[in-house]
Amino acid sequence: MGLLEDALRKTFADQVRTTPVVDDAAGRAIASAGRTRRRRTVTGALAIAAGVAFAAGGVGLLGGPPDQGVGGAPVTRTAQPRPVDVRTPTVIVTRDGRTISLQRLPSVLDVLRVADGWLVTTDGPRRRSLHHVGEDATVTWLVDGDRILVSPDGRWVAWTVGPGVSIGERAGRTLALRHHTGGAGGLAPVAFAGGGLVLVTVDAGPIETDVWYPSTGPYAAGTRVRARAAAPTFDGAQVFALVGPTYPCLDVLNPIGLSMVRRACDLPLKPDYTLVPSPDGRWLLVLAPERVDLYDLDEVWTVQAPTASWTVVAQRVAWVDNRTFVLNGHGELLRGYVDGPGQLDEIAVDAGADGDVAPIPFARTSARGIG
């Protein structure tokens, strides 16, 4: 045991003379410090023109002053309330600290917080499945599919099993089939937008995007564009698309006719990057393999560069409100702000040592579905 560990245990031992013992506080602090030493440094960069970098690292103990990150930049270590539900491979941990077990489910891919629980997409040995998990931890199977897409409001679900795409409407713990494309194959659902379902081709290249409006009947191939539709805009009225093979442009498309509304090129984008717009449509987070970029959607069409960029590996992000987001980086939960783009705060999660944590996004009731 090192000198730091000895000192920590002595400090906590002195504390418990007047404080009830709940668990091994020193052990938890030492384990946390070990995890922090092993973690790669998370850095945040301010606007490109400023070129000022900040970093997060170290452990704040016993209510002392803020730590100093790389280059002396202050790192916030005050206790942060958890702003969203989070998940690990085996549990959901709610904002108020409740734990919902997912151990009976296969590998968890995605989770969406809805009013009556959570919609959980899993990856099984044969195909994917969608389940409803209630507030009482009751698990209800909804549908199987090779691909499954849940609308941002949690009401509509699109899935593929063999040829064709199906659309169902969810009400509580039930899912009713409403539409089917017919025999059309080689298509995958990627977004609900403009009252239709945005589809991309999957069996041939280059990738093309089309839109199906179920209210008009079975799918019939319409106007296609050579672009990979990536995500609906915040209100579901339009769709973001990445246009180009290597360094694509960022396009906003009108689902009706797939006409281009806006375009920004010369951006550091790749065709497989993940796009996540803010609830008010002002900001766009882009998840790349080694970083997260923030774009101001009021300015990117003329100032074609990220507003901020963080060197962090993140697979999931959830917007808390119009100006705050939570992402998982290097196995931890981090909170970022569009108003303070050099800052990433760690959020404590007591979810057990069963794998990485990820934020769970809220259902967006303002987003348009089908019809």
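Table: residues versus (1) surrounded by 23 or more Cβ atoms within 10 Å (Cβ to Cβ); (2) modelled with pLDDT under 85; (3) over 22 Å from R155 (Cβ atoms).
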residue: F325; (1), (2), (3): yes, no, yes
residue: V338; (1), (2), (3): no, no, yes
residue: P341; (1), (2), (3): no, yes, yes
residue: T365; (1), (2), (3): no, yes, no
query: Could you give every pair whose Cβ atoms fall below 6 Å, whose first residue belongs to segment 134-148 and is among the acidic types (D, E), and whose second residue is crowded, with 17+ Cβ neighbours inside 10 Å, counting only separations of at least 6 or pairs across chains?
result: E135/G117; D144/S129; D146/T160
statement: In segment 224-235, residues that are touching a residue at least 40 places away in the same chain (Cβ under 8 Å) and assigned to a loop (DSSP other than H, G, I, E, B) total 3
- request: For segment 246-267, state whether one or more residues are of a type in the set (K, R), out of contact with any strand residue (DSSP E or B) (no Cβ under 7 Å at 6 or more places or on another chain) and under 24 Å from R224 (Cβ atoms).
  value: no
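Table: residues versus (1) within 23 Å of P361 (Cβ to Cβ); (2) surrounded by fewer than 21 Cβ atoms within 10 Å (Cβ to Cβ); (3) hydroxyl-bearing (S, T, Y).
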| site | (1), (2), (3) |
| --- | --- |
| L242 | yes, no, no |
| L258 | no, no, no |
| C265 | no, yes, no |
| K270 | yes, yes, no |
| T274 | yes, yes, yes |
| S278 | yes, yes, yes |
| V286 | yes, no, no |
query: Out of curiosity, is W156 among the aromatic types (F, W, Y) and surrounded by fewer than 19 Cβ atoms within 10 Å (Cβ to Cβ)?
result: no
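Matching residues to (1) within 29 Å of A115 (Cβ to Cβ); (2) at pLDDT 95 or above; (3) aromatic (F, W, Y):
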| site | (1), (2), (3) |
| --- | --- |
| A158 | yes, yes, no |
| P163 | no, no, no |
| R170 | yes, yes, no |
| A176 | yes, yes, no |
| G186 | no, no, no |
| A193 | yes, no, no |
| L197 | yes, no, no |
| T201 | no, no, no |
- prompt: So which residues in segment 222-240 are of a type in the set (A, V, I, L, M) and crowded, with 20+ Cβ neighbours inside 10 Å, if there are any at all?
  reply: A227, A229, A230, V239
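Here's the yes/no breakdown for (1) under 17 Å from V150 (Cα atoms); (2) surrounded by fewer than 18 Cβ atoms within 10 Å (Cβ to Cβ):
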position	(1), (2)
L187	yes, no
V190	yes, no
G196	yes, no
V202	no, yes
P206	no, yes
P214	yes, no
Y219	no, no
message: Is it the case, given these coordinates, that W159 is in contact (Cβ under 8 Å) with a residue 24 or more places away in the chain and in a strand (DSSP E or B)?
response: yes
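Residues checked against (1) free of Cβ contacts under 8 Å to residues at least 12 places away in the same chain; (2) under 24 Å from the mean Cα position of the chain (by Cα); (3) part of a strand (DSSP E or B):
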{"site": "G185", "(1), (2), (3)": "no, no, no"}
{"site": "A191", "(1), (2), (3)": "no, yes, yes"}
{"site": "P206", "(1), (2), (3)": "no, no, no"}
{"site": "D210", "(1), (2), (3)": "no, no, yes"}
{"site": "S215", "(1), (2), (3)": "no, no, no"}
{"site": "Y219", "(1), (2), (3)": "no, no, no"}
{"site": "G222", "(1), (2), (3)": "no, no, no"}
{"site": "A237", "(1), (2), (3)": "no, yes, no"}
{"site": "A241", "(1), (2), (3)": "no, yes, yes"}
- request: Scan segment 297-313 residue by residue and report those that are in contact with a Lys or Arg (Cβ under 7 Å, 6 or more places away or on another chain) and either outside any loop (DSSP other than H, G, I, E, B) or not assigned by TED's automatic domain parsing to the domain that holds P271 (or both).
  value: S309, W310, T311
- request: State whether one or more residues within segment 122-145 are of a type in the set (F, W, Y) and within 22 Å of R316 (Cβ to Cβ).
  value: no
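The values are calculated or read from the model by the stated rules, or taken from the named source; none is laboratory data. Computed from a predicted structure; not experimentally measured. Heads up, the Cβs are rebuilt from the backbone with ideal geometry, glycines too, and the neighbour counts pull from every protein chain shown.
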